[in-house]
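Engineer: The structure that follows is given in the form of structure tokens.
The values are calculated or read from the model by the stated rules, or taken from the named source; none is laboratory data. Since the model is a prediction, treat every value here as computed from it, not as a measurement. Ideal geometry is used to build each Cβ from the backbone, glycine not excepted, and the neighbour counts take in all protein chains shown. The protein model used for the area step is the full one, side chains on, heavy atoms only, and it has no ligands, DNA or RNA in it. Shrake-Rupley method; radii C 1.70, N 1.55, O 1.52, S 1.80 Å.
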Amino acid sequence: VVQLPQAALDTLQKRIQHALGNKSHGIEMSIAITDAESFFQVSSGMTHASDEDFVEASKSLALSLTKAQLNTNAPGGMLAVIRGRVGEQALPFIAAIKAEPQDGFRAQENNGQVDVEYISEILLTETQRLYKIGFLVEVASQYTSKDERSAANYRAFLFDHLMTATETRSAAAYFYSGFLGMSIQSSSKKLTQDFFEYTKTFI
């Protein structure tokens, strides 16, 4: 578990808001897979887990992501799992961010001398778009008789840098379907897009 300083937390919050907030390219998803080993059950159990259980569950999610992209040409990256609260009601959430590292330079000035340092791996910069986010929000704390959580008590969201404001078909299926176990078909944005395209074709 990494405890970030406040400045880093503020920056991370801005990145997530920019990706998933109002007027963003993020879309609401349907939770399709809810079995015991699914992203939904594992991540929803992390919202109130101890640090030790949180770390173990994060390892499980990392392995699931690895398996989901084994048969793709998707590049490697780092999986960050974040726990927090969102909205006026401070609803608990889990965010899983797959970030693909880039390289770059850092400049520092000392006594009028500028030193340039090469950094081989940089993540989540303001201009970087090479990341994907799965976001799960608990809207009601209710459990079934098997102590499993019901998808009806959660809302799920997706951000993928491959999507645009009007085009969702390029989103990486291995991430939202294979890893997150979510469906893009029932989202309001997808239904609106399909309605527009089918109507235009019909006319």
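Engineer: Return yes when Ile33 is assigned to a helix (DSSP H, G or I) and touching a residue at least 12 places away in the same chain (Cβ under 8 Å) and no when it is not.
Structural biologist: Spelling it out, it is not the case that Ile33 is assigned to a helix (DSSP H, G or I) and touching a residue at least 12 places away in the same chain (Cβ under 8 Å).
Engineer: Is it fair to say Leu130 is modelled with pLDDT under 85 and in contact with a strand residue (DSSP E or B) (Cβ under 8 Å, 6 or more places away or on another chain)? Show your work before the answer.
Structural biologist: Values: modelled with pLDDT under 85: yes; in contact with a strand residue (DSSP E or B) (Cβ under 8 Å, 6 or more places away or on another chain): yes.
Yes.
Engineer: Could you look through the stretch 40-53, keep only residues that are more than 16 Å from the chain's Cα centre (by Cα) and closer than 17 Å to Val137 by Cβ, and pick out the one that is modelled with the lowest pLDDT? Before the answer, list the steps.
Structural biologist: Our first condition is that a residue be more than 16 Å from the chain's Cα centre (by Cα); within the stretch 40-53, this holds for 45, 48-53.
Next, from what is left, pick out any that are closer than 17 Å to Val137 by Cβ: 45, 48-49.
Working: Gly45: 90, His48: 87, Ala49: 91.
Here the answer is His48.
Engineer: From the list Glu37, Glu56, Glu28, exactly one residue is charged (D, E, K, R) and closer than 14 Å to Val81 by Cβ. Which is it?
Structural biologist: Within the list Glu37, Glu56, Glu28, the selection yields Glu56.
Engineer: Let me ask you something else. If a residue must be touching a strand residue (DSSP E or B) at 6+ places or on another chain (Cβ under 8 Å) and either open to solvent by 40 Å² or more (accessible area, probe 1.4 Å) or in contact (Cβ under 8 Å) with a residue 60 or more places away in the chain (or both), how many such residues does the stretch 36-60 contain?
Structural biologist: Matching residues across the stretch 36-60 total 8.
Engineer: Here's another thing I want to ask about it. Quick check on this structure: which one of Arg15, Arg85 is surrounded by 11 or more Cβ atoms within 10 Å (Cβ to Cβ), in a strand (DSSP E or B) and charged (D, E, K, R)? Reasoning before the result, please.
Structural biologist: Numbers: Arg15 fails: in a strand (DSSP E or B).
Exactly one residue qualifies, and that residue is Arg85.
Engineer: Return the residue satisfying two criteria in turn: it lies in the stretch 61-81 and is closer than 20 Å to Val2 by Cα and not in a loop (DSSP other than H, G, I, E, B), and of such residues it is least open to solvent (accessible area, probe 1.4 Å). Break it down into steps so the answer makes sense when it comes.
Structural biologist: Applying the first criterion (closer than 20 Å to Val2 by Cα) to the stretch 61-81 yields 61-63, 77-81.
From what is left, the residues that are not in a loop (DSSP other than H, G, I, E, B) are 61-63, 78-81.
Working: Leu61: 2, Ala62: 40, Leu63: 109, Met78: 105, Leu79: 42, Ala80: 37, Val81: 28 Å².
Result: Leu61.
Engineer: Taking the stretch 142-171, which residues are at pLDDT 80 or above and of a type in the set (A, V, I, L, M)?
Structural biologist: Correct list: Ala151, Ala152, Ala156, Leu158.
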